[in-house]
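The next block holds one structure in the form of structure tokens; read it before the comments.
Please treat every number below as a calculation from the coordinates, not as lab data. As the structure is a prediction and not an experimental result, all values here were calculated from the model. Counting neighbours? That spans all protein chains shown, and the Cβs are built from the backbone with ideal geometry, glycine included.
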Amino acid sequence: MSPRERMVAAYRGLPVDGVPVAPEFWYYIPARLLGVDMITFERQVPLWEAHQRTFRHYGTEGWSVAGGSIPSPGVRSREDWVDIGGGRFESRVVTETPHGVLRSRTLFDRAEPSSAIERPIKDFVTDWPAYEAASLGAVEEADWSGVRRALAAVGDDYLLEVGVGVPFFDYIALGREGGPTRALFDLADHGPFLQSLHERYLAHMRRLARAACEQTAAEALFIGCAWSCLSVLSPDLWRRWDAPVIRAVAEEAHRGGRLLHVHLHGRCAAIVADLPDTGADCVCPFERPPGGDTTDLSVVREQLRDRVTVNGNVHTVETLIRGGPDAVSLQVEEILDRWGVPPSRLILGTGDQVGRETPEENIAAMIETGRRLGRAAAGRAWGHPG
């Protein structure tokens with residue numbers, strides 16, 4: 001099987017010739033391999049291309065995301081690029097919409113990924129109409145040519161997915177000054193407006209997922225995650241605001257014969273049993289404490305009822321950075337042992353992106369042990385599946 005075929009089979013719960021090994025190489029390791037600073041990496045290097053080179057270098061499976069270009073009619077933006085010293089810059093953006101003007105700032109650092117330092121929605125009442133106009137564009141006019149070129153270039157090297165957005169809480173928090181803290185108060189203070197916005201957001205996400213299926217040959221769609229997890233939200237809030245978004249996208253993906261991959265950082269134990277009913281085909285990364293609360297994959301497997309694939313669970317700090325090769329190998333062995341047989345619906349991944357401090361010998365230990373034990377487990381379960 002090719003790396004892409006192995007990932008797709010795992011998403012579908014089909015036999016594989018070996019458990020996929022897919023460390024989350026996101027920013028740090030690809031930038032290091034390419035020999036570029038983080039500003040150059042984020043602003044000049046296509047993410048899908050950087051990941052392709054990284055997966056090829058390490059000989060692993062993997063996934064990445066590309067997205068369509070969606071215009072927002074009547075919206076114009078201008079950016080000022082300001083050197084603030086110390087290898088850092090500010091991107092200062094003014095966005096003019098039919099409903100008002102928005103201002104935002106992003107910090108770019110040569111050593112670290114960018115981060116928002118000023119978000120556009122300051123006044124809830126006056127800024128939301130402008131932000132909605134700027135962020136929920138005309139899906140019917142989207143340009144998918146970049147995604148199609150990327151899919152053709154990636155081929156069987158790994159699984160390239162189409163990013164279709166984030167859950168509702170992330171959507172309102174990413175644009176809100178004060179971020180997730182302020183957004184939690186907004187849910188309590190502005191319920192009627194947010195309920196109406198939620199309905200419009202669901203419709204937008206359905207249109208976007210449908211267009212991604214109609215306009216590209218991607219085998220999977222992707223929903224990201226910033227704070228949409230139980231490290232921030234209660235289970236009831238997640239079920240009320242975010243689960244319907246996942247369910248809506250999954251319905252459109254499945255109607256188009258595609259799969260859905262959902263990123264769910266942080267704590268998730270109290271909602272694992274909910275995941276099969278959302279329609280998600282694969283969920284990652286099932287982080288261990290303290291960042292997450294996944295401590296026993298045998299319990300997770302029982303709750304998922306063989307309907308959702310797990311990707312992740314190797315601790316990126318305590319194991320990959322601070323442990324040695326033996327500790328890495330032991331954790332990979334533990335994951336396979338706790339998951340049990342057959343080793344379907346399992347991808348050996350990391351609890352977050354692989355950090356820049358990670359020793360190469362630890363990355364090698366994860367890959368080698370995962371390959372050896374994953375192939376042995378598949379062989380015992382299925383012989384030599386096609």
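Annotations for the structure displayed:
- Summarising the strand pairing of the chain, around 50 percent of its internal DSSP beta bridges are antiparallel.
- Charge dipole of the chain about the Cα centre (unit charges at C-beta), most positive-ward option of LEU47, SER231, GLY279: GLY279
- With the convex hull of its Cα atoms as the shape, the chain has an orientation-averaged projected area of 18.0 nm².
- Here's how it looks for VAL65: its modeled amide H is under 5 Å from those of GLU161, which are all 5 or more places away or on a different chain.
- The chain: relative contact order as a whole-number percent, Cα under 8 Å and 6+ apart: 20 percent
- Given charges at beta-carbon only (K, R positive; D, E negative), |dipole| of region 84-124 in Debye: 60 debye
- Euclidean distance of C-alpha centroids, region 35-75 and region 209-283, integer Å: 21 Å
- Remark: region 99-163 carries a charge dipole of roughly 280 debye about the Cα centre, counting +1 on each Lys and Arg Cβ and -1 on each Asp and Glu Cβ.
- Pairs of alpha carbons in region 73-119 separated by more than 15 Å make up 47% of all such pairs.
- With contacts taken as Cα pairs under 8 Å at a separation of at least 6 residues, region 216-323 carries a relative contact order of 25 percent.
- For region 237-242, the Karplus equation 6.51 cos²θ - 1.76 cosθ + 1.60, evaluated at θ = phi - 60°, returns couplings of 5, 4, 5, 6, 9, 9 Hz by residue, with Gly and Pro reported as x.
- Positive-pole candidate from ALA116, GLY85, THR95, dipole of region 73-119, charges at beta carbon: THR95
- Per-pair calculated FRET efficiency, R0 = 41 Å: GLU333 and ALA116 via Cβ, rounded to 0.05: 0.55
- Helical segments meeting 27 Å axial Cα length and Kyte-Doolittle -1.0 threshold in the chain (DSSP H): 191-215, 360-382
- Each Lys and Arg adds +1 at its Cβ and each Asp and Glu adds -1 at its Cβ; summed about the Cα centre, the chain shows a dipole of about 500 debye.
- Using C-alpha pairs below 8 Å separated by at least 6 residues, the relative contact order for region 73-119 is 29 percent.
- Distance (nanometres) between label positions extended 7 Å along Cα→Cβ at VAL94 and THR126: 1.6 nm
- Signed unit charges on C-beta, dipole axis of the chain, positive-most listed residue GLY374, GLN353, VAL166: GLY374
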